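Readers should treat all values here as calculations from the given coordinates under stated rules, not as data from a laboratory. Treat the numbers as computed from the prediction; the structure is a model and nothing was measured. Virtual Cβ from ideal backbone geometry, glycine too; neighbours counted across all protein chains shown.
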Amino acid sequence: MWLYFQGLESSDLPVNSAGFDALFDVEFDELRRRVRTGTAAWLESGFFQLNELYLLQSQLGGDQELPVFGGRHIPDPAGGPGHVALDPSEVARTAAYLGGVSFPDRWQEWQQLPLSESDEELRERLAQYHEDLQALYASSAERGWAVVKHFSF
């Protein structure tokens, strides 16, 4: 199970589920190339935990839901998980939100929760994902781009 994020120009934003499927129906190497160029991010596991970190109380308002799962849901007619899209204004809000998040502070808060996991491997993975998402959203916001999300199970 993984979650893939892709920044793209608003004019390239697919209009329906088939368009989203086509965007991600490429060779695995192409997805990796997009990640290396900084226009995409890839989360292989731990994204539910990262989302929980962002959902902790925040001084920055309700944007903590946007980085991982937030946005406009595009249903899959075949019953799959579908896709999610954030327009450029949501991308800018997300970039601003992530720019103000201290991962070490959030990690400390999250460790205090009764059901949190706190092993070092998870901390390192989530810290890397946080950096990857900060970079993707900041870069996409600078360009005025949208961000789409693809869930694969």
Q.
Nearest 500 deg cm²/dmol is fine: what mean residue ellipticity at 222 nm does the chain get from its DSSP H runs of n ≥ 4 alone, each adding -39,500 (n - 2.57), divided by its residue count?
A. -14500 deg cm²/dmol
Q. Based on the Cβ-Cβ distance of F48 and F28, what FRET efficiency does E = 1/(1 + (r/R0)^6) give at R0 = 22 Å, to the nearest 0.05?
A. 0.40
Q) Highest GNM mean-square fluctuation, the chain, Cα pairs closer than 10 Å: which of H73, H130, H83? A) H73
Q. Helix 120-143 versus the longest principal axis of the chain: what is the Cα-based angle in degrees, 0 to 90, to the nearest 10?
A. 50
Q.
Using only alpha-carbon positions, what ratio does the radius of gyration of the chain give when scaled by 2.2 N^0.38 Å?
A. 1.02
Q: Grab the other residues whose beta carbon is less than 12 angstrom from that of A18, score K and R as +1, D and E as -1, and report the net.
A: -3
